Amino acid sequence: MRTLGGRYRLVNRIGLGGMSEVWRGHDRVLDRPVAVKIMHPAVEGTLGETGVALVRAEARSAARLAHPNVAGVHDFGTSPGAEREVPYIVMELVEGQTLSEHLAGGPIDWRIGVRICAEVAAALAAAHAENVVHRDIKPANIMLTPSGAKVLDFGIAAVVGSPEVDPDGPVMGTPAYIAPERFEGHPATPAADMFALGTLLYHCLAGRLPWSARTHTEMVVAQRFADPEPLPHLEFLPPEVLDLCSRCLARDPAERPTALVAALLLAEAVDARVYVPLRGPEPVERRPPTISPWTERAAAAPTSALAPDPASPPSADDTDHIGRHRA
């Protein structure tokens, strides 16, 4: 079996995407299972050294995230390839079933869907607080576990506003979940993640995507110029959830809510608990303490280790200092 970095032994492939493949691995140093994401050779050939550095920077950004709904990033490394070093990212191995597999089995209860999206929004709120955007929120990247939803693939996230590796290449992500402005060349922002969250919420509620299209091109055109198809009637579904879904799918990024707002609203709708980043109060500006002249003279006085020779007469400064203490 192949071993990366002399440490991570690849056991079997568990995922395959457009840009990379994911392997179940074993960390021989810490004796634990891990997930290892490796770039496809075809993609690696387009990255070059600059791309490797960018993937490393993205992995560092994602590694800062510590959240119960985020699959953690453990390590980054490179492995010798045919022409150059191939980057890989070592992540937490999450056991469970993807939301995509659940949706393929038929409609899910709207309460379950709203709860899942609340946890996904909480994960995005934590990422956005660190200036990290996911860029590929979709059912296949949401793992459902006994402890809640886990957002996968933060290992290839991007820093807010960072350019694409290949500006002339295809936009990173899944077309049905990509915000319209991304196809116009705008960089990834938190608002783009919120469009994907809105699509995810719609998919959970309706069991289908907001727009009907036979090709990726038709999907892009529909997202840019057509309104989403009306959601089916769901008994007892709070109207604020419908409103949030509509605002997330707004074509204007400025009209979309933040992940923090979405997480709190969706959680409240189903009486769930989510963990969101809370900014502490601004530090109070403190004035420098006032130092009395006596304190300054006392601090400047010689210590016992530097005391003058007893045989030598005291200086005027020493006499004055001793006199004040006797007084």
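Of all residues in region 57-84 being in contact with a Gly (Cβ under 9 Å, 6 or more places away or on another chain) and charged (D, E, K, R), which is modelled with the highest pLDDT? Among those residues, the one meeting the criterion is ASP75. So is THR174 under 18 Å from ASP153 (Cα atoms), among the β-branched types (Val, Ile, Thr) and in contact (Cβ under 8 Å) with a residue 40 or more places away in the chain or not? In short, no.
The number of residues in region 7-53 being modelled with pLDDT under 90 and not β-branched (Val, Ile, Thr) comes to 19.
Could you please let me know if VAL241 is surrounded by 17 or more Cβ atoms within 10 Å (Cβ to Cβ) and over 22 Å from the mean Cα position of the chain (by Cα)? Answer is yes for this residue.
One line per residue, one yes/no per condition, for (1) under 25 Å from the mean Cα position of the chain (by Cα); (2) not small (Gly, Ala, Ser):
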residue	(1), (2)
HIS186	yes, yes
ALA192	yes, no
TYR202	yes, yes
VAL220	no, yes
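Looking at region 135-177, which of the residues that are small (Gly, Ala, Ser) and in a helix (DSSP H, G or I) is modelled with the lowest pLDDT?
Here is the first cut: in region 135-177, the residues small (Gly, Ala, Ser) are 140, 147-149, 155, 157-158, 161-162, 169, 173, 176.
Retained after the next criterion (residues that are in a helix (DSSP H, G or I)): 140, 155, 176.
Values: ALA140: 92, GLY155: 56, ALA176: 86.
Top of the filtered list is GLY155.
One line per residue, one yes/no per condition, for (1) within 17 Å of PHE195 (Cβ to Cβ); (2) of a type in the set (Ser, Thr, Tyr):
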| site | (1), (2) |
| --- | --- |
| THR98 | no, yes |
| GLU101 | no, no |
| PRO107 | no, no |
| GLY113 | no, no |
| LEU124 | yes, no |
| ASN131 | no, no |
| LYS138 | yes, no |
| ILE142 | yes, no |
| THR145 | no, yes |
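Please work out which residue is farthest from ALA176 (Cα to Cα), limiting yourself to region 212-228 and to residues that are in contact with a helix residue (DSSP H, G or I) (Cβ under 8 Å, 6 or more places away or on another chain) and not in a helix (DSSP H, G or I). Walk me through it before giving the result.
To start, the set of residues in region 212-228 that are in contact with a helix residue (DSSP H, G or I) (Cβ under 8 Å, 6 or more places away or on another chain) comprises 212-213, 216, 219-220, 223-224, 228.
Pick out the ones that are also not in a helix (DSSP H, G or I) and you get 212-213, 228.
Working: SER212: 10, ALA213: 9, PRO228: 12 Å.
Top of the filtered list is PRO228.
Could you tell me whether region 249-258 includes any residue that is among the basic types (Lys, Arg) and touching a residue at least 12 places away in the same chain (Cβ under 8 Å)? Yes, because at least one residue in region 249-258 is among the basic types (Lys, Arg) and touching a residue at least 12 places away in the same chain (Cβ under 8 Å). Return the residue satisfying two criteria in turn: it lies in region 244-265 and is part of a loop (DSSP other than H, G, I, E, B) and within 20 Å of the chain's Cα centre (by Cα), and of such residues it is farthest from ALA226 (Cα to Cα). So, considering only residues that are part of a loop (DSSP other than H, G, I, E, B) and within 20 Å of the chain's Cα centre (by Cα), the one farthest from ALA226 (Cα to Cα) is THR258.
Filter region 82-116 for residues that are out of contact with any Cys (no Cβ under 6 Å at 6 or more places or on another chain) and in a helix (DSSP H, G or I) and give the result. Talk me through it step by step, then tell me what you get.
Quick first cut of region 82-116, residues out of contact with any Cys (no Cβ under 6 Å at 6 or more places or on another chain) only: 82-112, 114-116.
Of everything in region 82-116, those that are out of contact with any Cys (no Cβ under 6 Å at 6 or more places or on another chain) and in a helix (DSSP H, G or I) turn out to be LEU99, SER100, GLU101, HIS102, LEU103, ALA104, TRP110, ARG111, ILE112, VAL114, ARG115, ILE116.
Residue check: is ARG56 of a type in the set (Lys, Arg), part of a loop (DSSP other than H, G, I, E, B) and either assigned by TED's automatic domain parsing to the domain that holds ALA196 or over 19 Å from ILE14 (Cβ atoms) (or both)? Reasoning before the result, please.
Values: of a type in the set (Lys, Arg): yes; part of a loop (DSSP other than H, G, I, E, B): no; either assigned by TED's automatic domain parsing to the domain that holds ALA196 or over 19 Å from ILE14 (Cβ atoms) (or both): yes.
So ARG56 fails the test.
Within region 214-235, the residues that satisfy the criterion of being free of Cβ contacts under 8 Å to residues at least 12 places away in the same chain and not charged (D, E, K, R) are THR215, THR217, VAL221, ALA222, PHE225, PRO230, HIS233.
The values are calculated or read from the model by the stated rules, or taken from the named source; none is laboratory data. Everything numeric in this text was worked out from a predicted model, so none of it was measured. Note: ideal-geometry Cβ built from the backbone for every residue, glycine included; neighbour counts use all protein chains shown.
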